[in-house]
1. Before I look further, what does the range 103-228 give for accessible area per residue, probe 1.4 Å, in whole square angstrom?
2. Nearest 0.05, what FRET efficiency do Asp171 and Glu106 give at R0 = 25 Å with Cβ-Cβ as r?
3. Between Phe36 and Lys142, how many nm apart are label points set 7 Å from Cα along the C-beta direction?
4. On the accessible surface of the range 74-212, probed at 1.4 Å, how many percent belong to carbon and sulfur atoms?
5. What length, rounded to one decimal in nm, is gained on full extension from Lys83 through to Glu208, with 0.36 nm per residue of separation minus their alpha-carbon distance?
6. Once you place label points 7 Å from the Cα toward the Cβ at Glu200 and Glu228, how far apart are they in nm?
Amino acid sequence: MVMLTTSKSEVEKKPGFPNWVGPVVMVACLIAVAWFIWWYLFGSLPSHRTVTVDPAEVQRETIRGGVRQFVNRAPQSPAPGIKKTGDGEWIVNGANSAMSVRKQKERYRLRPFYYRSAMISSSDQPLIIAQARLKNDDAMAKQLGVTPDQVKALKQIDVQAMKVADKDLADAEAKFADYAKASQGEPQKLAEKNVVAALEAIAKSTLEVSKSAASEGVAKIKQIITPERLDKLSGRPAPK
């Protein structure tokens with residue numbers, strides 16, 4: 001049997017990687033991942049985008065926002081009583097009515113009126129809100145094509161007015177004068193109750209005739225604020 005041998009055995013070692021290769025590969029991977037995320041979120045989006053704005057829609061949003069702001073500012077019915085609102089000015093609140101009072105030289109000027117909810121149906125409430133808006137916003141009236149004469153007519157219509165007899169108004173004025181002269185405490189509280197009672201008695205006695213006058217006023221308003229104008233003011237699309 002023949003045996004082949006070598007005088008010297010050599011063991012070949014596999015070449016290894018330098019120590020700096022690992023960190024370099026890791027940094028390269030992080031850079032690649034970061035670039036992909038940036039491209040996915042931003043780089044793939046178009047550099048320019050065209051937005052088409054409908055002027056009619058902008059106008060509707062402007063009007064809608066104005067009406068919404070006006071409605072949000074509408075006061076809620078306060079508790080019955082008298083509240084001083086300024087120098088020589090008061091407001092008397094009843095159950096379904098109120099009365100503004102202003103001090104003059106020797107007298108008090110009284111203006112009683114009903115709360116809107118007591119005189120106007122829920123379906124006509126948007127119309128009255130529109131009237132109030134147009135009376136105080138010339139720019140809005142111009143946008144809707146309401147003429148200056150029509151705005152003037154709207155200002156002359158008061159659907160919340162109370163049709164009060166001169167005698168009843170004089171009685172309410174006398175009671176308010178007693179309230180103004182009353183000393184604080186129980187005397188003033190009693191005088192305040194008398195003023196509120198006088199207002200509510202007037203409101204009850206004139207409710208029907210005032211409602212009739214309010215209905216006539218609503219009809220006049222509808223001649224100016226047409227359904228088309230009301231739709232534009234409220235932001236509703238015009239019916240086709």
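1. Working: 7460 Å² over 126 residues.
Normalised by residue count, the accessible surface of the range 103-228 is 59 Å².
2. Working: r = 17 Å, r/R0 = 0.69.
Once the sixth-power term is evaluated, E becomes 0.90.
3. 5.9
4. Working: 4040 of 8140 Å².
Answer for the range 74-212: carbon and sulfur cover 50 percent of the accessible area.
5. Values: separation 125, 0.36 × 125 = 45.00 nm, distance 2.75 nm.
Stretched out fully, the Lys83 to Glu208 stretch lengthens by 42.3 nm.
6. 4.8
The values are calculated or read from the model by the stated rules, or taken from the named source; none is laboratory data. No experiment lies behind these values; they were computed from the predicted model shown. Because the Cβ atoms are built from the backbone with ideal geometry, glycine has one as well, and the counts that use them run over all protein chains shown. Note: accessible area is taken over every heavy atom of the protein model, side chains too, but ligands, DNA and RNA are not part of it. Shrake-Rupley method; radii C 1.70, N 1.55, O 1.52, S 1.80 Å.
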